[in-house]
Amino acid sequence: MTKKNVKNLFINIVLLLIIVLTAIILFSYNLKSQNLKIKYFEVWNKYTLLQFYNEIPKENLKSFNFYYIVTYDFKGRVLKFEYLVNGIIEFNGEVAFFDDNHATITLKKLETQLMSTQPVLVPYAMYEIVVNDGLITSYILYKVSPNLEKPVKIGDARFTYKDGQIIVENLFNDKVIMRIEIKQDLQNIYEIAFFNDKNLLTEKRIFVNNRLYQRIVYKYDNTGKLIQIITYDATGQIVSIENK
């Protein structure tokens, strides 16, 4: 066999290997794509980022003016969610996993840009999240925009999980500036309580069927003494005012 024939044989083998590897990659991608699942929900818990409630059967979507479309990967992880109002995507979230424990979530909202007549989805926030056993344990929040050269850090948060409760502590310069306590289970949100940097309860939201039922606001004087409690209904109308 001449050197030329050996060279041609080597080239043909390399090309064959490239074709085989490409076919394997495409087959694997198609297999995973076929395993993607799409579900529909009424409620998104924006404080835990990747939890949705009140699943809607696809055949019932025509009865809803607004809902979330959530796409899961073959591991059951959220890949994307879209919020539709009257058939138009108002905002969405795109999740990119680097491995089983690290990902980013980019949020986009519908805006009409300068020199444009048609609204488009524009990124406005990005979370760098750390995940353990499918649960978010911490994140760093950035402001993002087409007008910014790079993301601007806003703050970060850490999560603590207890029986029936999630505690989210929002941090700035390693100091807790707000704490959120969420009472929930896999199917329902029952209550969300907000505490300020002085550990004072400032607001409580009560939910029925995962929908806001009542909002209670607590006001304090400069010494931290509770002076007023205002209760609102789900539409924002005042139900009662209690002065202390």
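The values are calculated or read from the model by the stated rules, or taken from the named source; none is laboratory data. The shown structure was predicted, so the numbers you read here are calculated from the model rather than taken from an experiment. Methodologically, a virtual Cβ is constructed for each residue, glycine included, from the backbone with ideal geometry; neighbour enumeration extends over all protein chains shown.
A few remarks follow.
- Test result for Leu107, without any contact (Cβ under 8 Å) to a residue 60 or more places away in the chain, aliphatic (A, V, I, L, M) and either assigned to a strand (DSSP E or B) or surrounded by 12 or more Cβ atoms within 10 Å (Cβ to Cβ) (or both): yes
- Some residue of the stretch 128-139 being of a type in the set (D, E, K, R), assigned by TED's automatic domain parsing to the domain that holds Arg77 and buried (at least 16 other Cβ atoms within 10 Å of the Cβ): yes
- Every listed requirement among (1) surrounded by 15 or more Cβ atoms within 10 Å (Cβ to Cβ); (2) in contact with an Asp or Glu (Cβ under 9 Å, 6 or more places away or on another chain); (3) at negative phi is met by Gln228 save one, (1).
- Any hit, the stretch 121-141, residues being free of Cβ contacts under 8 Å to residues at least 12 places away in the same chain and of a type in the set (Asp, Glu): yes
- Pick from the stretch 204-216, criterion out of contact with any Lys or Arg (no Cβ under 7 Å at 6 or more places or on another chain) and buried (at least 16 other Cβ atoms within 10 Å of the Cβ), ranking: nearest to Val176 (Cα to Cα): Lys204
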